[in-house]
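What follows is one structure encoded as structure tokens, with my remarks underneath.
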Amino acid sequence: ERGVLPEKIWETIESAIAAAYKKEYGKKGQVIKAKLSPKTGEALFWQVKKVVSEDMIYTEKELEELKKEGPSFAEATEGEIKVRFNPERHIMLDEAKKINRDIKIEEEVEIPLEVKEDFGRISAQTAKQVILQKIREAERETILTEYKAKEGEIVSGIVQRIEGGNVFFDIGKTSGFLPREEQIQGE
């Protein structure tokens, strides 16, 4: 109805279910991914962790230096990409190798989670908000790409209102704005 692709809607629902799962059963810092079966409606959940090695993690000494030095310390280590280890977001390379032997550093490993079907009111509300937000974003993206192709062309529209010399008009799926500088003198 709003010109959003069905695949985008499906991705939105999956991310909303993942957000609801995280809200109800997840821990702080976790990255949850969901996959919904279009045929059966069954949902599967995974926790996503980034594979890191010892040299990619700040040591306790480096963390204390970072707190003391502030931005200047971060600039000194700019060439290296280091992270503060979080067991909910990161997994060490040797642990990841137990799950997948071919995994490499900086790749993501997906750990299956227990499927839960009971979500509370707050989790359902979170899912609803995620769906509404993502659909609005997808709709905005669709409109932007449609009108980006028409850039430089003359489009017709119906004048809605004039405020302080600026004209607001309806051009179909969205509203247009014509500032005084862009208007023809005397029109």
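Of note:
- Anchor LYS150: lysines whose Cα lies under 16 Å away (excluding residues fewer than 8 positions away in-chain): LYS173
- Here the Karplus relation 6.51 cos²θ - 1.76 cosθ + 1.60, evaluated at θ = phi - 60°, turns the backbone of the range 178-187 into coupling constants of 10, x, 4, 5, 8, 8, 7, 4, x, 7 Hz, with x for every Gly and Pro.
- Solvent exposure of the range 41-187, expressed per residue, is 76 Å² of accessible area, with all protein chains present and a 1.4 angstrom probe.
- Straight Cα distances below 19 angstrom link LYS97 to the aspartates and glutamates GLU54, ASP55, GLU88, GLU106, GLU107, GLU108, GLU110, with same-chain residues fewer than 8 positions distant left out.
- Peptide packing: for 135-148, 173-186, the average count of neighbouring Cβ atoms within 10 Å per residue gives the ranking 135-148, 173-186, highest mean first.
- Ranked by the mean number of other Cβ atoms within 10 Å of their residues, highest first, the peptides 158-166, 13-21 fall in the order 13-21, 158-166.
- GNM result for the chain, Cα springs below 10 Å: residue of LEU63, LEU44, LEU132 fluctuating most strongly: LEU63
- Evaluated with a Cβ-only charge set (Lys, Arg +1; Asp, Glu -1), the range 130-187 carries a dipole of roughly 240 debye about its Cα centre, given to the nearest 20.
- Residue-by-residue Karplus 3J(HN,Hα) for the range 98-113, coefficients 6.51, -1.76, 1.60, Hz, glycine and proline x: 5, 7, 9, 5, 8, 6, 10, 4, 6, 7, 10, 10, 10, 9, x, 10
- Cross-link pairs beyond the 27 Å C-alpha cut-off, checked among LYS33/LYS61; LYS33/LYS104; LYS23/LYS148; LYS22/LYS98: LYS33/LYS61; LYS23/LYS148
- Solvent-accessible area, 1.4 Å probe, carbon plus sulfur percent, for the range 77-187: 50 percent
- Portion, in percent, of the accessible area of the range 1-64 that falls on carbon or sulfur, probe 1.4 Å: 53 percent
The values are calculated or read from the model by the stated rules, or taken from the named source; none is laboratory data. All values derive from a computational prediction rather than experimental measurement. Cβ sites come from the backbone with ideal geometry, for glycine too, and all protein chains shown count toward neighbours. The area values use the complete protein model at the heavy-atom level, side chains included, leaving out ligands, DNA and RNA. Shrake-Rupley method; radii C 1.70, N 1.55, O 1.52, S 1.80 Å.
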